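Nothing in this text is a laboratory measurement; each read-out follows from the coordinates by a stated rule. All figures in this text were calculated on a predicted structure; none of them were measured in a lab. So basically every Cβ, Gly included, is an ideal-geometry build from the backbone, and we count neighbours across all protein chains shown.
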Amino acid sequence: AADIQSEITNVLVTEEQIHDKLREIAAQVADDYEGKDLLLVGILKGAVMVMADFSRALRYVVPMDWMAVSSYGTGTKSSGVVQIRKDLDSDLTGRHVLIVEDIIDSGLTLSWLLENFESRGAASVEVFALLRKPEAAKVDVYCKYLGFEIPNEFVIGYGLDYAERYRNLRDIAVLAPHMYS
Ligand code: PRP
Ligand code: MN
Ligand code: MG
C-alpha cells in the first residue's frame, strides 16, 4: 500500500476520538428520539463511514436510507450547484428524519437538502454532522448534533475524499497543499 505520510500535513481527528464522539452523540440521539419513528438518512458518498459507525453506536434497530448528491466534483471548492445522483427510496411523510453528514463546509449542500426534505412532509428534520468548518460558512445551517469544529483546511479520510481518494483512511487528516495546488 502507498505511504500517505507525504500527502498529508497532519492528523486532525483520530479514529479513537471519532469513535468516542460517536458514542456520546448516539446516547443523546437515543434519548431525544425515544418512542419516535426515526429514519437515518446518509448523504453519499462522504457519510458512509460515519453512518456505518454511528448507526451501530445507537445499539437499536433503526431504518436507514441514502441520498447521493454532489457539489464538489473533482475539485476542492463547492460549485454551489447540488445535483441529485440518487434519490431516497423512503417516503418521508410523518417521519422524524436525522440527516447524517460527514462535513458542513460552505453549508450549501445541507441548506439545499433541508429545504428539499422539509417539502416532503417529514414530521421533523435534524442534522448530525461529524465536522463543521465555521470559517467556511456561506449559509447558516442549524446542526443539532455536531462532532467537531475544525479549521478551514481541506480535510480527507473517514469518508472524506479528494478526487475520490482517501475515503478509507481511518483518521481525519489535512491534505498537503502540494497535492492540489
Ligand atoms: C462533500 C461533503 C458534504 C459536502 C459539504 O460532499 O461530503 O456532503 O461536500 O460541503 P458544503 O457544505 O460546502 O456543501 P461532495 O459534494 O464532495 O460529495 P461526496 O460526499 O460524494 O464526496
Ligand atoms: Mn458529501
Ligand atoms: Mg467529496
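Which is the longest run of the chain containing none of the chymotrypsin sites (Phe, Trp or Tyr not before Pro) found in DSSP loop states (not H, G, I, E, B) with at most 13 other C-beta atoms within 10 Å? Before the final figure, lay out each step's value.
Details: sites that count: 60, 142, 180.
Here the longest segment lacking exposed loop sites spans 61-141.
Pick out, from 117, 143, 13, the residue whose Cα sits farthest towards the positive end of the charge dipole of the chain, with +1 on the Cβ of Lys and Arg and -1 on the Cβ of Asp and Glu.
Checking the options against the dipole of the chain, the answer is 117.
If you rank 138, 21 by fewest surrounding Cβ atoms within 10 Å, what's the result? Don't jump to the answer; show the numbers that get you there.
Working: 138 12, 21 19.
Lowest to highest Cβ neighbour count: 138, 21.
What range in the chain is the longest one free of GluC sites (Glu not before Pro) that are in a loop by DSSP and have at most 16 other Cβ atoms within 10 angstrom?
35-152
Is the shape of the range 1-72 best called rounded, prolate or oblate, per the rule: a/c under 1.5 gives rounded, else a/b larger than b/c gives prolate, else oblate, with a ≥ b ≥ c the square roots of the Cα gyration tensor eigenvalues?
On the way: a/c = 2.97, a/b = 1.63, b/c = 1.83.
It is oblate, given that a/c is not under 1.5 and a/b is not larger than b/c.
Which whole-percent values make up P(r) of the chain when all C-alpha to C-alpha distances are grouped in 5 Å steps starting at zero?
Percent of Cα pairs in each bin: 1, 8, 17, 22, 21, 15, 9, 4, 2, 0, 0.
State, as an integer percentage, the relative contact order of the chain based on alpha-carbon contacts under 8 Å between residues 6 or more apart.
On the way: 338 pairs, mean separation 45.7, N = 181.
25 percent.
Rounding to the nearest 10 and keeping the result within 0 to 90°, find how far the Cα-based axis of helix 48-57 lies from the longest principal axis of the chain.
Value to nearest ten degrees: 50.
Determine ³J(HN,Hα), in whole Hz, for all residues of the range 140-151 in sequence, where each value follows from phi through the Karplus function 6.51 cos²θ - 1.76 cosθ + 1.60 and θ = phi - 60°; x replaces Gly and Pro.
Ordered by residue, 3J(HN,Hα) equals 7, 10, 7, 10, 6, 10, 10, x, 9, 8, 10, x Hz.
For the residues 37, 161, 65, 89, what sequence is obtained by ranking on other C-beta atoms within 10 Å, fewest first? Don't jump to the answer; show the numbers that get you there.
Numbers: 37 12, 161 18, 65 15, 89 8.
With the fewest neighbours first, 37, 161, 65, 89 line up as 89, 37, 65, 161.
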